[in-house]
Amino acid sequence: MGTATALAPGLSRKLKKVLETRTDAPDLLASLNTLSSFYSDNTPQSRRNLRSTIENRGLSINEEFLDASASAQQALDQVEEEVNALAECCDKIAKALNNCNATTGDIISTTERLKHELENTTQRQEIASCFLRDYQLSNDEINALREEDLSENFFKALAHVHEIHANCKVLLRTHHQRAGLELMDMMAVYQEGAYERLCRWVQAECRRLGDVDNPEVSELLKTAVRCLKARPVLFKYCAEEVANMRHNALFRRFISALTRGGHGGLPRPIEVHAHDPLRYVGDMLGWLHQALASERELVLALLDPDSSADTGPIAQRFSNIPESDVGKTESDMTFVLDRIFEGVCRPFKVRVEQVLQSQPNLIISYKLNNTLEFYSHTISDLLGRETALCNTLWALKDAAQKTFFDILKTRGEKILRYPPPVSVDLSPPSALKEGVSVLLEIIETYSSVMVPVSGKKPLFEPVISALLDPIIQMCEQAAEAHKSKGVIQSSRRSRVGSDPAQLRRSSVDAILENTNSTPSSQTRETPSRIFLINCLSAIRQPLLTHEVAAEYVKKLGAMIESHIYGLVEKEVDSILRKCGLSNKMSQFSSNDALPAGESARLADREDMSPGVLSECLKGFFGFVLGSENSLPEFEQIQSPSLRSEASVQLGKSLAEAYEVIYKGIMDPENGYPDPRSLARHPPDQIRTILGI
């Protein structure tokens with residue numbers, strides 16, 4: 001009972017554990033499936049022997065595993081035996097190596113020492129090779145500098161000398177200064193000898209260029225000149241040689257072009273056209289300009305070869321050689337070109353002076369002046385202003401200009417010496433028309449003048465003044481002579497036809513007679529002024545469309561206006577004098593103090609009485625309200641616009657004069673009893689009648 005009581009708790013725990021076990025667990029299901037594979041009979045005996053059955057089952061599985069792995073175990077045993085054999089071999093090899101190390105240690109140390117010595121020797125050899133390359137010339141290079149003909153090898157060796165010389169400067173900054181100085185002295189000897197030889201070769205080549213009209217500069221010569229730029233003195237010798245050779249060649253070519261022409265007679269000699277001054281001078285200038293372009297190209301290729309774009313590989317080796325600046329190169333080029341063209345200055349100047357001394361006509365002289373000025377500017381831009389050829393050109397240009405203005409002066413003096421008489425119709429003289437025609441031709445020439453790049457067209461105002469001023473003075477002299485002649489004739493007629501009875505007539509009768517006189521006898525200045533207006537208008541009209549004469553046209557316009565004003569003023573004064581109003585205008589417009597005893601009222605004065613003033617105004621109204629020919633219409637003024645302007649100004653002046661008279665009459669202080677009977681027409685009516 002006690003035992004059963006003691007087992008009861010254990011059973012209860014197992015039972016509880018069994019009851020708590022989950023029957024759907026994967027492990028439990030897998031175990032049951034495996035168990036069902038060999039547990040077939042569910043009997044009490046089988047259940048009692050379940051443990052032993054499971055253990056037997058496990059034992060059989062292990063036995064099967066051992067049987068299956070027996071071959072693998074045998075293979076592993078065989079591998080272990082082979083590994084043990086390899087270990088024994090390795091031990092033997094290790095023992096052999098230890099024995100070799102002990103016996104060959106001296107050999108290895110000796111080999112290492114020799115290896116280091118070989119490396120040091122190789123490094124020293126490389127240093128020596130670099131030193132020889134950077135600081136010594138090879139035998140071939142020395143031979144190229146001293147003995148061989150000038151070729152590419154010479155310039156390569158010379159470039160190497162420059163490099164060594166530059167490297168020696170670096171060497172001087174180290175503790176090897178003595179070696180650097182010795183090497184620099186040696187290289188200096190090589191350099192001087194090479195440059196002297198190069199200079200002689202370049203001079204010989206330049207002499208050869210002087211024998212050819214259009215030489216071509218080889219790449220080798222360009223490189224030689226580029227090298228010589230490092231020696232300014234030698235370079236100057238070569239430049240002078242070039243200048244002298246080309247100087248002689250150009251002189252021969254110029255004389256040949258003048259006298260013999262080209263090969264086979266084409267082009268023809270320039271002096272064939274000596275009868276045509278303009279073409280003769282133009283051909284010479286064109287030849288000089290073309291020669292300057294070709295010579296400048298040649299000199300530029302020689303003295304400044306770096307300006308060419310296609311520098312070869314030899315030239316590029318001397319890019320580090322110090323050269324003069326651009327200004328020095330331009331100065332050298334100017335010097336050489338000036339020397340080259342110095343020889344042609346005299347024959348060219350002599351021929352142009354002969355042309356100028358032959359007294360060409362005015363137009364040709366002006367064209368020569370313009371041609372010389374254009375080429376003076378153009379060649380100065382290419383050659384430089386302070387050169388012999390340019391000085392010659394500018395001197396000839398001044399001479400041509402002086403010749404042109406001398407011709408104008410002579411022409412003007414001749415015109416002024418014999419002024420033509422004034423024609424009956426007051427038209428401009430033929431000399432004026434001829435002068436204007438010449439001026440228009442000169443203006444056309446001026447418009448077609450070629451303008452240089454660095455210059456501008458010459459001033460044209462002096463030409464117009466030099467040509468037209470004498471013509472205007474001639475017209476003024478002719479007008480003055482005509483006026484003097486008319487005054488003399490008028491005075492003679494007045495002395496012959498004077499009558500004492502007529503001189504004793506009353507002033508009123510004289511005014512009435514003056515009122516009936518014709519306008520053609522008004523004044524002797526009128527024809528002279530009309531003549532001047534016609535002349536100035538004939539000059540001004542053709543110049544209106546030309547811009548170069550704009551200032552002179554303004555001057556002529558002011559002169560015409562001045563003469564029209566004077567003409568109108570004289571005509572108005574003549575009309576007022578004929579009407580007897582001329583001496584009364586000052587009294588109407590004056591506010592000055594009167595002499596003692598004279599009345600302040602105009603009506604009380606004898607010459608300003610209503611009766612006298614009425615007769616004068618009748619004469620004035622007779623002019624204004626009379627026939628169409630009562631007022632001057634200036635029919636002899638040839639320009640319709642100026643004729644109309646003069647008539648309008650005459651009407652304005654008369655209307656203004658009448659307005660002064662009208663206001664004086666209407667002023668109560670002047671004491672006219674019936675002013676409206678005197679001044680029957682107000683100023684507005686007079687303006688309307690006069691067409692103002």
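The values are calculated or read from the model by the stated rules, or taken from the named source; none is laboratory data. Computed from a predicted model, the values in this text were never measured in an experiment. Positions of Cβ are generated from backbone atoms using ideal geometry, with glycine treated the same way; all protein chains shown enter the neighbour counts.
General remarks:
- Output for region 275-315, where each listed residue is over 21 Å from Arg208 (Cβ atoms), surrounded by 13 or more Cβ atoms within 10 Å (Cβ to Cβ) and modelled with pLDDT under 85: Asp306, Thr311
- Which listed residue, of Ala72, Ala68, Ala94, is exposed (fewer than 10 other Cβ atoms within 10 Å of the Cβ), farther than 23 Å from Phe38 by Cβ, without any contact (Cβ under 8 Å) to a residue 24 or more places away in the chain and of a type outside the set (Ser, Thr, Tyr): Ala72
- Each residue in region 673-687 was checked for being part of a loop (DSSP other than H, G, I, E, B) and over 15 Å from Leu581 (Cβ atoms), and 4 pass.
- Residues satisfying the stated conditions in region 532-551, i.e. closer than 25 Å to Ser423 by Cβ and of a type outside the set (D, E, K, R): Leu532, Ile533, Asn534, Cys535, Leu536, Ser537, Ala538, Ile539, Gln541, Pro542, Leu543, Leu544
- The residue of region 411-423 that is nearest to Gln473 (Cα to Cα), among those that are in contact (Cβ under 8 Å) with a residue 12 or more places away in the chain and not in a helix (DSSP H, G or I), is Pro419.
- Scanning region 443-476 for residues that are surrounded by fewer than 19 Cβ atoms within 10 Å (Cβ to Cβ) and either in contact with a His (Cβ under 7 Å, 6 or more places away or on another chain) or of a type in the set (A, V, I, L, M) (or both) returns Val449, Met450, Val451, Pro452, Val453, Ser454, Gly455, Leu459, Ala466.
- Residue match in region 193-215 (condition: part of a helix (DSSP H, G or I), small (Gly, Ala, Ser) and more than 27 Å from Phe341 (Cα to Cα)): yes
- Any hit, region 672-688, residues being closer than 30 Å to Gln541 by Cβ, among the acidic types (Asp, Glu) and free of Cβ contacts under 8 Å to residues at least 60 places away in the same chain: no
- Residue among Leu426, Leu439, Leu393, Leu408 that is in contact (Cβ under 8 Å) with a residue 12 or more places away in the chain, within 21 Å of Gly343 (Cα to Cα) and of a type outside the set (Gly, Ala, Ser): Leu393
- Note on region 385-415: among residues that are among the hydroxyl-bearing types (Ser, Thr, Tyr) and over 30 Å from Glu330 (Cβ atoms), the one that is nearest to the chain's Cα centre (by Cα) is Thr403.
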